[in-house]
Amino acid sequence: GISAEKFQEVIDMKLAKAGPDEALTHVRLPFFGGSEPIDLPSCYLLVEALQLQFGYDVKRKKTKASESDVQGMEQRLRDVLAEHGDALLSMTASIEKTKNALYQQLFDRACVLNSRMDIDEKEPAQQCVAQNQNASSQNTAANASIRLVSIDIKKKLVHQVLQDHGSGPTSIFLKSIFDGIEENDRMSRKGGYIGIEFVSRTHVTMAFSGRTTQRNMREKFGTVLGCNVDVLVTALLWSENHAAFAVSIPENTTDGKPLPPCENAFAHITVWVAKGSKSVGSNELPALVRAGQAHR
């Protein structure tokens with residue numbers, strides 16, 4: 001057997017070896033319901049049961065329990081639980097409360113792991129303003145877990161910026177991904193460039209659940225949920241795997257509310273991701289540019 005304390009110590013050691021990770025933390029479920037403990041008759045039955053389980057008598061001498069000893073102890077435990085069942089149940093949390101706590105914590109951890117796989121974030125492109133975009137959090141229900149807080153920008157507007165600045169460095173990027181395709185054949189009927197590699201839900205990530213807490217995101221950005229923001233595009237960065245607009249975020253929304261700064265070191269809109277790559281890799285574009293492995 002192993003004590004609860006020892007078991008938790010072993011789990012802590014395994015989690016520590018895996019490295020600090022918000023998704024690798026204990027799931028904590030409520031046991032007591034919050035009511036005041038009640039006085040129960042003195043009973044050493046549980047102590048006796050543990051001694052029987054671990055093979056020790058009260059004098060810490062090794063013993064070996066017989067089958068009749070085990071059966072007798074089981075019956076005595078059942079009798080005590082039946083006698084005090086109502087009192088014990090009144091002290092414990094309801095099944096519904098425990099279920100909700102489990103579901104919420106599993107959901108939070110799934111969001112963290114999922115967002116690490118396919119969330120994009122970070123730096124600069126040609127100067128122009130994409131106006132009146134909604135500052136929003138994906139998943140806005142009061143008790144829902146927030147995956148990220150973002151300034152959502154219509155894909156058509158993002159592609160319009162590419163079109164309007166299709167000369168110079170931007171033209172080099174477009175030619176590299178549309179190799180052999182004429183300029184007139186690059187656009188869809190609805191507007192915007194063709195190709196599944198172009199990100200469909202373009203946005204600026206302001207805060208990300210994998211790097212901050214739910215409480216912090218709600219407190220910092222709750223007052224600007226649904227507000228409009230003028231975003232200034234300052235440069236286009238691209239590599240063979242990613243392309244992103246570096247952007248400048250204002251200090252206030254268009255209606256004058258203070259806008260918390262972007263928590264991402266590279267404020268950007270991921271525009272294009274090559275097949276087999278993850279959008280989160282766009283965060284590395286500034287470093288790749290400095291290393292001469294990407295363009296700006």
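Collect residues whose amide H, placed 1.01 Å from N in the peptide plane, falls under 5 Å from the amide H of Thr234; neighbours closer than 5 in sequence don't count.
Ala125, Ala246, Val247, Ser248
Could you give the distance between the Cα centres of segment 199-225 and segment 229-296, to the whole Å?
Centre-to-centre distance over Cα atoms comes out at 15 Å.
Looking at the square roots a ≥ b ≥ c of the eigenvalues of the Cα gyration tensor of segment 152-296, which shape do they give, rounded for a/c under 1.5, prolate if a/b is larger than b/c, or oblate? Before the final figure, lay out each step's value.
Working: a/c = 2.07, a/b = 1.61, b/c = 1.29.
Prolate is the answer for segment 152-296, as a/c is 1.5 or above and a/b outweighs b/c.
Filter the cross-link list Lys156/Lys220; Lys6/Lys99; Lys99/Lys278; Lys155/Lys175; Lys175/Lys275 down to pairs whose alpha-carbon distance in this structure exceeds 23 Å.
On the way: Lys156/Lys220 29 Å; Lys6/Lys99 26 Å; Lys99/Lys278 34 Å; Lys155/Lys175 20 Å; Lys175/Lys275 17 Å.
Over 23 Å Cα-Cα: Lys156/Lys220; Lys6/Lys99; Lys99/Lys278.
Using a 10 Å cut-off on Cβ atoms, rank the peptides 66-72, 227-233 from the highest mean neighbour count down. Present the calculation step by step, with values, prior to reporting the outcome.
Working: 66-72: 10.4, 227-233: 19.6.
Ranked from most to least packed, the peptides come out as 227-233, 66-72.
Going from most exposed to least, what order do Phe32, Phe54 have by accessible area with a 1.4 Å probe?
On the way: Phe32 130, Phe54 95 Å².
The residues order as Phe32, Phe54, largest area first.
Could you tell me the calculated FRET efficiency between Gln160 and Ser94, based on Cβ-Cβ distance and R0 = 45 angstrom, to the nearest 0.05?
Details: r = 54 Å, r/R0 = 1.21.
E between Gln160 and Ser94, to the nearest 0.05, is 0.25.
Could you run the Karplus curve 6.51 cos²θ - 1.76 cosθ + 1.60 with θ = phi - 60° over segment 83-94 and give me ³J(HN,Hα) per residue in whole Hz, x for Gly and Pro?
Karplus values, whole Hz, x for Gly and Pro: 5, 10, x, 4, 5, 5, 5, 5, 8, 9, 5, 6.
Report Rg (one decimal) and Dmax (nearest whole number) for segment 204-279, counting Cα atoms only, units Å.
Cα radius of gyration and Dmax of segment 204-279 are 14.0, 42 Å respectively.
So, R0 is 51 Å and r is the distance between the beta-carbons of Gln214 and Glu83; what FRET efficiency does that work out to, to 0.05?
Details: r = 43 Å, r/R0 = 0.85.
That gives a FRET efficiency of 0.75.
What GluC sites (Glu not before Pro) in segment 247-296 are in a loop by DSSP, with at most 10 other Cβ atoms within 10 Å of the Cβ? It would help to have the intermediate numbers written out before the result.
Working: sites: Glu251, Glu263, Glu284; in loops: Glu251, Glu263.
Within segment 247-296, the qualifying GluC sites (Glu not before Pro) (loop, at most 10 other Cβ atoms within 10 Å) are Glu251.
Roughly how many Å² of Met13 are accessible to a 1.4 Å probe, to the nearest 10?
Rounded to the nearest 10, the figure is 100 Å².
Can you pull the accessible area of Leu288 for me, 1.4 Å probe, Å² to the nearest 10?
Here the residue's solvent-accessible area equals roughly 50 Å².
The values are calculated or read from the model by the stated rules, or taken from the named source; none is laboratory data. Because the structure is a prediction, the values reported are computed rather than measured. Ideal geometry is used to build each Cβ from the backbone, glycine not excepted, and the neighbour counts take in all protein chains shown. Accessible surface is based on the protein model in full, side chains and every heavy atom, while ligands, DNA and RNA are left aside. Shrake-Rupley method; radii C 1.70, N 1.55, O 1.52, S 1.80 Å.
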